[in-house]
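Inspection log for the structure reproduced underneath, given as structure tokens.
The values are calculated or read from the model by the stated rules, or taken from the named source; none is laboratory data. Just so we're clear, the structure is a prediction, and the values are computed from it rather than from any experiment. We place every Cβ from the backbone using ideal geometry, glycine too, and count neighbours over all the protein chains shown.
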Amino acid sequence: MLYRELAETYEKIEGTTKRLEMTDYLVELLKKTPHDIIDKVVYLTQGKLYPDFVGVELGLAEKLAVKAVALASGVSEKKVVELLYNYGDLGTVSEELLKKKRQKSLFSFNTDEKLSVEKVYENFVKIAGTEGSGSQDKKIKLLVELFNVATPREARYIARTVVGKLRLGIADMTILDALAAAFGDGKEHRKYVERAYNIHPDLGYIAKVLAAEGVEGVINIQIEVGVPIRAMLAERLPSLEEILKKMGGRAAFEYKYDGMRIQAHVTKDKTVLYSRRLENLTSQFPDVISAIGEAFKGDNAIFDGEAVPVDVNTGELLPFQMVSHRRGRKYGIEKIIDEIPVVLFLFDVLYLNGEDMTTKPYSVRRKALEEWITETDRVKFAHRIVSDNLDEIRLFFDKAIADGCEGLVAKNIGDESIYRAGAREFLWIKYKRDYRIELIDTLDLVVVGAFAGKGRRKGTYGALLMAAYNPDKDSFETVCKLGSGFTDEQLAGLPRMFEGLLLKERHPRVWSEIEADYWFVPRIVMEVVGAEITLSPTHTCARDVVEHGSGLAIRFPRFTGKWRDDKSPEEATTTKELVEMYRSQVKKVEK
Ligand code: AMP
């Protein structure tokens, strides 16, 4: 097939903003495409070589593409860069320069040699796969080879594609429309094509099956371990009452973890991880892969869950940003894993030991998940309750927030509660809090206990148990575990510093429901900053004052480096001050 056919279609598509017209042009193109290369034509039209989940990107550095354009058109690189600055698009620059060159050398240009789709695709694949020494020159050569036989119009699209900027503005859904129209009866068959896309989001593959076997073939496409499934998403409603009503009066309520969605595809010899956007995350989470290997004893499976960073010393969940550090990293992963390990909270199983689980109701899937996964330190089930009681659900919501989550995801537990790949519907409904209490002031807190350090902190304390002072009861009430903000020397010096204050058991003036490894006489005051104050069912600070059954806690506390030697423990921040801060600093945040 000639690349000219593609270039002509692209030009027409660029000339319209109407989705229906775009679809018609695509249908026309697909109908005349030979079946054996239809997948390549689809990928090229998407500006890619493979579906995203394969993880191979074309994206040649613009600098190299500029060199190739200069060589092919016989002008200096400087000139190309200048034009690029003016036009802002390497495609147009290539087109203009080639036009000029061809006008000058009309006779020397061999117009018999025509560029095929196969050749363009082949060279692109080579460009994407060339690595190591001398690879830059090889890439430039492969591109020049294409420019030498391309018409100016073809060069426009080749240049854009190779630098990853084809951008025809065709959404996947438009390609699905076109496929259904080109190989089926359009409307009726569209839903089969879309179903296939949701469980096998590879438009080239779907086009190939359609072209070879028709709609029947597409109906037979099944979930495959290794090929990502489009993630099921949650609708939202503004109140727990409405959610419960929508769910038919009873539902499962799971913690909504604030981390990174991970779909894990597991077989005996290989595990692959995908993000919510179906990017391949495998190399960024070797720790998650070995953790799943330990927790799962079956043959093969696809799991859905959220990876959340944890503080090794306090066991508490950390802000999401700390997992995002791993994104796109190829090197230095080992160090990050040591410093910021993640826990994978599993909430679904989509495939298990050769069986498609997506067609089974939520409760069956959850039960299978619990049967086949053994919880470890690093792999856990999403915390949940099944309830029809609003008070109970509200308390569970507060607990979720206090535990560092964003809120809850309610899940339908009826027979209809299948896993709807790619859908945002009311089978899942998220409920996030709409407030945030921001801490501006620093707090002066009293050290009442400590926890033994693990890993790098072995032999010293991993975290300190901190309290505020309640003058009415003359008691020290816990508000947080403090594990960050220390220098290595400060950490190493902690046991010696508290030696003289060690007790066999909790000091009578300390009110704590947390069991510390070491207890101290409340004497040392430290300055602490935190991200916010939350309700907490475990900490005792101002227990029952703001809400029955809850105390207050500081989220993400950090030592400022200042020891408040000038303050006695009775001069520390009081529980009443914390209540006032909680009440006065409530700010609405976007849901
Ligand atoms: P949002 O990103 O606000 O639309 O919320 C949906 C996201 O919440 C999902 O894509 C998951 O990454 C995340 N999530 C956290 N916990 C759960 C859970 N228990 N069930 C489903 N999704 C969850």
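Quick notes
- Residue pairs whose Cβ atoms lie under 9 Å apart, sitting 6 or more positions apart in sequence or on different chains, and linking a residue in the stretch 132-153 that is in a loop (DSSP other than H, G, I, E, B) to a partner that is among the small types (Gly, Ala, Ser), are ALA150/ALA7; ALA150/ALA72; ALA150/SER94; THR151/ALA7.
- Condition broken by PHE347, with the remaining ones in (1) part of a strand (DSSP E or B); (2) more than 15 Å from the ligand (Cβ to nearest atom) satisfied: (2)
- When ALA159 is tested against (1) without any contact (Cβ under 8 Å) to a residue 60 or more places away in the chain; (2) within 30 Å of LYS104 (Cα to Cα), exactly one condition is not met: (1).
- In the stretch 358-384, the residues that are part of a strand (DSSP E or B) and away from the ligand (no atom under 12 Å from the Cβ): ILE373, VAL379
- None of ASP338, ASP391 is out of contact with any strand residue (DSSP E or B) (no Cβ under 8 Å at 6 or more places or on another chain), in a helix (DSSP H, G or I) and free of Cβ contacts under 8 Å to residues at least 24 places away in the same chain except ASP391.
- A single member of ALA402, ALA410 is within 27 Å of ILE199 (Cα to Cα), aliphatic (A, V, I, L, M) and touching a Leu at 6+ places or on another chain (Cβ under 9 Å), and it is ALA410.
- Options LEU482, LEU501: the member that is surrounded by 15 or more Cβ atoms within 10 Å (Cβ to Cβ) and either free of Cβ contacts under 8 Å to residues at least 40 places away in the same chain or among the basic types (Lys, Arg) (or both): LEU501
- Of all residues in the stretch 48-75, those that are closer than 30 Å to SER275 by Cβ have Cβ atoms under 9 Å from Cβ atoms of residues that are hydroxyl-bearing (Ser, Thr, Tyr) and outside any helix (DSSP H, G or I), 6 or more apart or on another chain, in PHE53/TYR274; VAL56/TYR50.
- Meets criteria (touching a Gly at 6+ places or on another chain (Cβ under 8 Å) and of a type in the set (Ser, Thr, Tyr)) for TYR469: no
- Residue pairs meeting the criteria (Cβ under 6 Å; at least 6 apart or on separate chains; first within 10 Å of GLN284 (Cβ to Cβ) and free of Cβ contacts under 8 Å to residues at least 40 places away in the same chain, in the stretch 315-327; second of a type in the set (A, V, I, L, M) and surrounded by 18 or more Cβ atoms within 10 Å (Cβ to Cβ)): none
- Qualifying residue in the stretch 459-472 (condition: closer than 30 Å to VAL386 by Cβ, in contact with a strand residue (DSSP E or B) (Cβ under 7 Å, 6 or more places away or on another chain) and not in a helix (DSSP H, G or I)): no
- Of the residues making up the stretch 42-65, those that are crowded, with 23+ Cβ neighbours inside 10 Å and of a type in the set (Val, Ile, Thr) number 2.
- ASN412 satisfies every condition listed in (1) within 28 Å of ARG261 (Cα to Cα); (2) under 28 Å from the mean Cα position of the chain (by Cα); (3) more than 16 Å from the ligand (Cβ to nearest atom) except (3).
- TYR121 under 24 Å from MET1 (Cβ atoms) and aromatic (Phe, Trp, Tyr): yes
- Hits in the stretch 249-290 (condition: surrounded by 23 or more Cβ atoms within 10 Å (Cβ to Cβ) and small (Gly, Ala, Ser)): ALA251, GLY259, ALA264
- Take the conditions (1) within 16 Å of the ligand (Cβ to nearest atom); (2) closer than 25 Å to ASP566 by Cβ; ASP474 misses just one of them, which is (1).
- Out of VAL144, VAL163, VAL120, sole residue that is closer than 27 Å to LYS31 by Cβ and of a type in the set (A, V, I, L, M): VAL120
- Condition check for TYR431: within 23 Å of the chain's Cα centre (by Cα), within 13 Å of the ligand (Cβ to nearest atom) and in a loop (DSSP other than H, G, I, E, B): no
- Within the stretch 415-425, considering residues that are part of a loop (DSSP other than H, G, I, E, B) and surrounded by 13 or more Cβ atoms within 10 Å (Cβ to Cβ), the one farthest from the ligand (Cβ to nearest atom): ILE418
- Subset tally (residues that are more than 14 Å from the ligand (Cβ to nearest atom) and either under 12 Å from LYS411 (Cβ atoms) or not assigned by TED's automatic domain parsing to the domain that holds ILE289 (or both)) for the stretch 226-243: 2
- Matching residues in the stretch 249-293 - criterion: being basic (Lys, Arg) and more than 9 Å from the ligand (Cβ to nearest atom): ARG250, LYS268, LYS270, ARG277
- Checking ILE340, ILE385, ILE336, ILE373 one by one, the residue that is hydrophobic (A, V, I, L, M, F, W, C) and more than 22 Å from LYS256 (Cβ to Cβ) is ILE336 and no other.
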